[in-house]
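Here the structure is laid out as structure tokens; the discussion comes afterwards.
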Amino acid sequence: MSGKTKLNGHDNPSYTKDPDDVLENGTTISAPENINKSPEERAQWGNGLEFLMSCIAMSVGLGNIWRFPFIANKNGGGAFLIPYLIILTFVGRPVYYLEMSLGQFSSRGSVKMFEKLSPVFKGIGYGQVLGSTCVASYYCILMAITLFYFLNSFTDDFPWATCQDSWKAYENSRNLTCIDKYSNVTGNNTISSSELYFRREVLKEKDDISDGMGTPDWRLSLLLLFSWAVTFLVSVRGVKSSGKASYFLALFPYVIMITLLVRASTLEGATDGMFYFVETDFSMLLNADVWYAAVTQCFFSLNIGFGSIIMFSSYNRFEHNINRDALVVTTLDTFTSLLSGITIFGILGNLAFEMGVEPKKVISVGGGTGLAFISYPDAISKFTQVSWLFALLFFFMLFVLGVGSLVALHGTLNTTIKEAMPGTPEWMVSGGTAILLFLIGLIYTTPGGQYTLDLVDHFGGTFVIFVCAILEVYTITWFYGVDNFCTDLEFMTKKKVGIYWRISWGLITPVLLTVIFVYFLATLEPLTYGIYKLLYPIGLSIFGWGILGACIVMILGWAMYYFYANRSNSFNKMVVRTFSTKDWGPENPEKAEEWKKYCEDKRAERKMTRHSNWFCRKAQILIKS
């Protein structure tokens, strides 16, 4: 193996390594280990439909219901669909398909997949597991709060519909006036009974956490335990159990969404709310924040970068048609976001009609939990007929959506542990991680829990995932090479990889992600919490940055370890051995042999048509069909 061998970009020599090459120190580079050993038996989906339903349940979640409508309305309404669809086309869909391909080709979860590609990169896999675990730790408390509202919805006399005497001291200390469904008061210093109920009764939220987080609320703690128990039961046998549950988790929410849409369409004022949702402001397209919002919404709605897609697809048959599944899931995710936006804003339009104000007055409370637990309950409480039924349907739908997404996040951690400790019973891994995450989640049931949630989401659910996703894309498309990756994909799917995928992976997606990440860093501001915008206590700030630091240490740590392990070689040979892809290939020995021969034929074919000019060679890789 020559010291001049190129290691980066589309010319990565992973197919050109001779298994019998000998390094200068006498060490032999062995053939891919997986070719000559029997793979450990791995569970598979009962059928392809189970995988598709699981991916739908994973990607269509709480973010579609309570985040997309508010983000779209805030960033130009109907005009927001332009950047969103562009980002979906050149970032969301390509990365989704890329991750599906990696999992199915390697038959391994995120960490082991990167380790098979080249061990030096497995820190990226660990970073993805860290990010998904952070999100899983707080995702379940949102489900617990949903259950809290569900249990209080079995009556038309909702507890959040009227002001309570116990809130008087809180109102007076802030010069606020509580308004409920019986009030006709308006003004700048008013606060709805539904918001006070959420802040004072459900969260028992405190304004300042510098003196501590407080103690866990017993009601939310029990509901948190129940939520994890449900998640454990779905995950207890891995994909064998979650696959069976996926039909209900994926399809049932659409039954409720369509029911709510039909009901919303019959309400007075609903049309105004729906038009307000799609009201177009094209001037917003010139705002960089709008494009950043489109990326983050598309990114996290599809679960890109969390390792969940890689994990789910690793349980597929090697020949499964993932191209079809990737297109179905990404399209359905967008459709669901639009459907939920029209439905939610239609109901909020009715609330605005009942209050005699413009739709923006009832929606200005914000998105996220504010939309789900303040605006929507407030609107439901003003329904004149069977309001309890629509409250039950809405909150049950949120809980089912939450379970579908949490099972994927939970499964990412479970698969990592199972692959690191083969032979460990599935129920033991699933139960142990559920108990651990439940104990961690107790912090979110404290009066300062929501502030901690925001901190963990910012660093673990956003920063870490963004870093890992960018490194993942660059590792596959620039280190391993688009041509090599497309060869793997063509061998697996028996179909040519089109120009759209090649240009997206090789150029557009990496550039867009880099630009957005630089913008994210340039506009990064100190994180604050509460109505007074206080800075986080130093201990919590260190904890937040520590999450990001742990990710970076894992990524750099593994790289430094493998450089150190190969230090006895000359510099060129040290680099070659450190970034070796000798273990990459299908897990099945027969498939691995077929793949090796296929790659040799492709390599010979490429040499015959290889252009001498570097730029033309790169362009040739991207536009070949």
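The values are calculated or read from the model by the stated rules, or taken from the named source; none is laboratory data. A quick note: this is a predicted structure, and the numbers were derived from the prediction, not measured. In this analysis, Cβ positions are derived from the backbone assuming ideal geometry, glycine residues included, and neighbour counts consider all displayed protein chains. Each accessible area value is taken on the protein alone, full model and side chains, heavy atoms only, with ligands, DNA and RNA left out. Shrake-Rupley method; radii C 1.70, N 1.55, O 1.52, S 1.80 Å.
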Self-check item: Distant-in-sequence amide H partners of S192 (H built 1.01 Å from N, under 5 Å)
Solution: I179
Exercise. Taking the dipole about the Cα centre of segment 155-210, with the C-beta of Lys and Arg at +1 and of Asp and Glu at -1, give me whichever of S173, C163, L196 is farthest to the positive side.
Key: S173
Quiz item: Which entry in (1) -0.52, -1.32; (2) -0.46, -1.25; (3) -0.67, -1.20 matches log10 I(q)/I(0) by the Debye sum over Cα atoms at q = 0.07, 0.12 Å⁻¹ derived from the coordinates of this structure?
Solution: (2)
Quiz item: Where in the chain are the helices, taken as whole DSSP H runs, whose Cα atoms extend 24 angstrom or more along the long axis and whose Kyte-Doolittle mean reaches at least 0.0?
Solution: 122-151, 218-235, 239-265, 322-355, 387-420, 538-565
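How high is the relative contact order of segment 236-354, in percent, counting Cα pairs under 8 Å that sit 6 or more residues apart? Please list the in-between numbers first.
Details: 58 pairs, mean separation 66.4, N = 119.
RCO, segment 236-354: 56 percent.
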Quiz prompt | Largest-first ordering by accessible area, 1.4 Å probe, given options T581, T528 | solution = T528, T581
Quiz prompt | Per residue accessible area in Å² of segment 507-586, where ligands, DNA and RNA are left out and the probe is 1.4 Å | solution = 56
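Per the 1.4 Å probe, what fraction of the accessible area of segment 179-233, in percent, lies on carbon and sulfur atoms? Walk me through the numbers before you get to the answer.
Details: 1550 of 2880 Å².
Carbon-and-sulfur percentage of accessible area, whole number: 54.
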Quiz prompt | Mean residue ellipticity (222 nm) of the chain, computed from DSSP H runs ≥ 4 via -39,500 (n - 2.57), nearest 500 | solution = -19000 deg cm²/dmol
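Normalising by the residue count of the chain, find the relative contact order in percent from Cα pairs under 8 Å and 6+ residues apart. Present the calculation step by step, with values, prior to reporting the outcome.
Values: 968 pairs, mean separation 207.8, N = 625.
Computed value for the chain: 33 percent relative contact order.
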Quiz item: If we count chymotrypsin sites (Phe, Trp or Tyr not before Pro) as exposed when they sit in a DSSP loop and have at most 13 other beta carbons within 10 Å, what is the longest stretch of the chain that avoids them all?
Solution: 183-531
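Considering only Cα-Cα distances, which of the following residue pairs are longer than 25 Å: K168/K382; K122/K240; K496/K597; K496/K607?
Beyond 25 Å between Cα atoms: K122/K240.
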Self-check item: Nearby aspartates and glutamates by direct alpha-carbon distance to K204 (threshold 15 angstrom, same-chain neighbours under 8 apart not counted)
Solution: E171, E195, D217
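How many percent of the accessible area of segment 469-584 is carbon or sulfur, using a 1.4 Å probe?
Working: 4160 of 5540 Å².
Result for segment 469-584: 75 percent of the exposed heavy-atom area is carbon or sulfur.
What does the accessible area per residue of segment 38-96 come to in Å², with a 1.4 Å probe and no ligands, DNA or RNA counted?
Values: 1830 Å² over 59 residues.
Accessible area per residue: 31 Å².
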Quiz item: How many Å² of accessible area per residue for segment 335-441, probe 1.4 Å?
Solution: 33
Practice problem: Take the alpha carbon atoms of segment 40-88, find their center, do the same for segment 201-280, and report the distance between the two centers in whole angstrom. | Solution: 15
Quiz item: Amide H to amide H, which residues 5 or more places from L534 or on other chains are under 5 Å from it, using H placed in the peptide plane?
Solution: Y529
